[in-house]
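Sharing a structure here in structure tokens format.
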């Protein structure tokens, strides 16, 4: 499609001034180039790097900050838009669930300064709890969604999204996916356009969504859809190539690159947007070919709209709704619908693969917390974070995980069910607690639920790679800010039983968890120990096994520490253990767990 | 390498430098005037999981990922990861390059029955090199340790891979210098050249494998716990200390073993009981039954 590339964005730098950029970097660049002034996000794989990159642009150009959750991020951006500057929020797909309350109304309100959201989907569920399709949300909210297919388009589409937002008085979503966000390819960059701030538009019929106003805004949302369709019909963000008169493909976003890979030079209509649909372009394309398939990742969003319009097309019949696509799945689909012949490839090579699931790190402060919960035989409602890994071997200590901030209210429900004989415990990380754990804790106090909350405070948002939050006392740009103190916060919310404990002190932790679960009412244990990776990589003197003492009881292996594996030497049919000194950080947990005092620091040997 | 796209798949375990290696290759190819796409999935990478990165370059690159069975080079920084991704290698012409070092996940050591061997890839370098179109396997981690920094293993492998391309060694070194810490530039330079040198006399390494058969003639033992109820005062020590959590106190506050199958026979309960109320017996299982038991595990 080279000959068709014309994104309509004015390029002030020469193409030679181009760099390989991750999709997320390119989105950030697009936001900066578009002249955005206020940007907020809550970290979430695969979207995290967008805001981290925005923070690398000068603070005179834009405000870039971590918000407490995705809804506050979007609300901050909405506020900035009200005040007439270009605003931006980024989140992962499930983050939009949290922010959707605001998005639904903001669609009615529209914008003053442009309002753009970048939402990163995770087809294949590489690092999420589901693989919902954000395009359905766009349709639900009546908000246009732009879908770039590579890093260059990520920059160009993002930049363009701000113009569309202001021209059509609508929030605009830019949709990325794990594959696009985390692929580096060459990007030709532009300069920043300074956009003059608009005055506050003091029109309460537009800005204040009481029923009477909302009733007058809904028809405007529907009309707007028509206007955006007209725009898209003429937009060169869409690309079309007409070659074969027999077969044609309608596609969108990253999967378009797979189609090009498998079926180069095919008749193809690559749409910039699944909602709204550029209907004239589609009609024109449909006329030019006999048989058309729709190739899109996840849900049949385009396919369903085309079928409603009465077109005879196929899509999900050949290309799965489930999981991430690849050139292989696209090839298979195109073979099945007769567009290409079966390639009859030779037998692939094969070998036995071993299981290598992700693990809590050596020295992870979460490990002992979950051992302690096993010790009191607790029913554990888990939450989202690294510690979700405690659900699997060998800790087996989490019994439910739903979504961000669900643990505490889930625990309340378990306790209220009257059907639970084990002590009910909610475990929640520091960042997740701030994100959406506070209202349910208020609920627990309010209903005097008999639960224990184990607040795993490792002083960072660890799972997404170490981002600051309100309880680290540092901003995204590294400045000191007011620090939220968890113990004070919990007491203020009305929790009577609050204790802090160092989770490396195994005995005290066990005792504290026991006392907390024996307390009738809401108790909060704050396990206080920094993450071993972020913000500072912690390394101490490694420990080693005194092989002559080891009885192969494997108590230490129950920690799931990646540094501990079997030794070649045996004791009564059981492997003794060995500790890899290059992985061990000397946290001392295993030395405290060993029943025969068989582990000691290397330097003492 | 003129018009067609070259596909390189780089794999390993979190923390080994898969992303660093792929960034070096991607930047080099871009400097040489190719279009490059480099795609990775991270998030789980730090947590000891499998990590992979696709690098594709050519005149025009569409898909960021390599179609199955079309990798021209598979570069594995760890042996079992090389096995995991082997099906992605082009069976007719792909080049396989792998470190023979083993990073054993704790999961490989989870079976607690007697006389187990860790679950790890059984294929030997000789078997794999026989299967692939062309390939190299070597103890790069060992070579790097000899050079003075085991972390330079990935640069040795880069050196080996560099012989598959027409790019000048100095071009590689210029880029490597950008990505490694300042104080290790020299050792990485040596490591890169060592890799190129090694290829000239490439050999198939002898690798020690875990022998599945070594316990074949050992008798199978069953763990039987004897509990003397009237000596137990319900102090709970054994219940708390059992690493497998097989024990429980019953309503009469006497210890019981509801999960006898989980018992590994470690004897901690026996040693810790202040009242000598719990004893472990290892009972040899008759041969026919033992065969069934082995099959079950």
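Nothing in this text is a laboratory measurement; each read-out follows from the coordinates by a stated rule. Since the model is a prediction, treat every value here as computed from it, not as a measurement. Heads up, the Cβs are rebuilt from the backbone with ideal geometry, glycines too, and the neighbour counts pull from every protein chain shown.
Rounded to a whole number of µm²/s, how large is the Stokes-Einstein D of the range A:152-229 at 4 °C and 1.567 mPa s, given Rh as the Kirkwood radius over C-alpha pairs?
83
What ranking, highest mean first, results for peptides B:99-105, A:111-117 when packing means the other Cβ atoms within 10 Å averaged over each residue?
In decreasing order of mean packing, B:99-105, A:111-117 become A:111-117, B:99-105.
From the Cα gyration tensor of the range B:1-108, with a ≥ b ≥ c the square roots of its eigenvalues, which class applies: rounded if a/c is under 1.5, or else prolate if a/b is larger than b/c, or else oblate?
Prolate, because a/c is 1.5 or more and a/b exceeds b/c.
Turning to a different aspect of this structure: Between residue B:134 and residue A:236, take the C-beta separation as r, use R0 = 60 Å, and let me know the FRET efficiency to the nearest 0.05.
The pair residue B:134/residue A:236 has a calculated efficiency of 0.85.
Decide, for the range A:56-189, between rounded, prolate and oblate: order the square roots of the alpha carbon gyration tensor eigenvalues as a ≥ b ≥ c, take rounded if a/c falls under 1.5, and otherwise choose prolate if a/b is larger than b/c, else oblate.
rounded
Let me ask another. Over 27 Å, how big is the tail of the calculated P(r) for chain B, in percent of all Cα pairs?
54
In addition: Could you tell me the calculated FRET efficiency between residue A:212 and residue A:283, based on Cβ-Cβ distance and R0 = 45 angstrom, to the nearest 0.05?
Between residue A:212 and residue A:283 the formula returns 0.70.
Let me ask something else. For the range A:446-556, state the semi-axes of the equivalent ellipsoid (square roots of 5 times the eigenvalues of the alpha-carbon gyration tensor), sorted largest first and rounded to whole angstrom.
Semi-axes (√(5λ), whole Å): 29, 25, 10.
With N residues in the range A:345-426, what two-decimal value do you get for its Cα radius of gyration over 2.2 N^0.38 Å?
Expressed relative to 2.2 N^0.38 Å, the Cα Rg reads 1.46.
Cα-based Rg of the range A:115-187 per 2.2 N^0.38 Å, rounded to two decimals?
Cα-based Rg divided by the globular estimate yields 1.12.
Let me confirm one metric for peptide A:572-581, namely the mean number of other chain beta-carbon atoms within 10 Å of its residues' beta-carbons.
That average works out to 4.
Okay, next question. In Å and from the alpha-carbon atoms only, list the Rg and Dmax of the range A:340-482.
19.7, 67
Return the percentage of antiparallel bridges among DSSP beta bridges fully within chain B, rounded to the nearest 5 %.
Within chain B, antiparallel bridges account for around 60 percent of the total.
With the Cα gyration tensor of the range A:305-394 in hand, give its eigenvalues times 5 under a square root as the equivalent ellipsoid semi-axes, listed largest first in whole angstrom.
46, 22, 9
If you build the Cα gyration tensor of the range A:543-604 and take the root of 5 times each eigenvalue, what three semi-axes come out, in whole angstrom, biggest first? Before the final figure, lay out each step's value.
Working: eigenvalues 55, 28, 24 Å².
Those come to 17, 12, 11 Å.
Would you mind ranking A:32, B:198 so that the residue whose beta carbon has the fewest other beta carbons within 10 Å leads the list?
Exposure proxy ranking, most exposed first: B:198, A:32.
With a Förster radius of 56 Å, plug the Cβ-Cβ distance of residue B:146 and residue A:396 into 1/(1 + (r/R0)^6) and report the FRET value to the nearest 0.05. Display every interim value, and only then the final one.
Details: r = 42 Å, r/R0 = 0.75.
About 0.85, to the nearest 0.05.
With Kirkwood's inverse mean 1/r over C-alpha pairs for Rh, give me the Rg to Rh ratio of the range B:116-189, two decimals please.
Taking Rh as the inverse mean 1/r over Cα pairs, Rg/Rh reads 1.07.
For a footprinting-style exposure proxy, rank A:131, A:230, B:81 by other Cβ within 10 Å, fewest first.
A:230, A:131, B:81
Here's something else I'd like to know. If you project the alpha carbons of the range A:239-336 onto their three principal axes, what span does each projection cover, largest first, in Å?
Ordered largest first, the range A:239-336 gives principal extents of 30, 26, 22 Å.
Then there's this: Highest mean first, how do B:262-272, A:315-325 rank when packing is the count of other Cβ atoms within 10 Å averaged over residues?
B:262-272, A:315-325
Follow-up question, since we're still on this one. Defining a contact as two alpha carbons under 8 Å apart and six or more residues distant in sequence, what relative contact order in percent does chain A show?
Reported relative contact order: 11 percent.
Can you give the Rg to Rh ratio for the range B:82-149, taking only C-alpha atoms and Rh from Kirkwood?
Over the Cα atoms of the range B:82-149, Rg/Rh equals 1.06.
What does the structure give for B:100-107 when I average, per residue, the other chain Cβ atoms found within 10 Å of the residue Cβ?
6
Considering every residue in A:180-187, what mean count of other chain Cβ atoms within 10 Å of its Cβ is obtained?
The shielding value for this peptide is 6.
So, one more: At 1.567 mPa s and 4 °C, plugging the Kirkwood radius over alpha-carbon pairs of the range A:115-253 into Stokes-Einstein gives what diffusion coefficient in µm²/s? Working shown, then result.
Numbers: Rh = 17.5 Å.
For these conditions, the coefficient is 74 µm²/s.
Mind ordering A:217-224, A:234-241 by average Cβ neighbours within 10 Å, highest first?
Answer by packing, highest mean first, reads A:234-241, A:217-224.
Taking the Cα atoms of the range A:2-234, report the difference between the largest and smallest coordinate on each principal axis, in whole Å and largest first.
Sorted from largest, the Cα extents of the range A:2-234 read 54, 40, 37 Å.
Where does chain A land at 222 nm, in deg cm²/dmol rounded to the nearest 500, when only DSSP H runs of n ≥ 4 count, each adding -39500 (n - 2.57), divided by all residues?
About -9500 deg cm²/dmol.
Something else: Scattering from the C-alpha atoms of the protein assembly as shown alone, worked out with Debye: what is log10 I(q)/I(0) at q = 0.05, 0.06, 0.07, 0.09 1/Å?
Results for the protein assembly as shown at q = 0.05, 0.06, 0.07, 0.09 Å⁻¹ read -0.33, -0.47, -0.64, -1.05.
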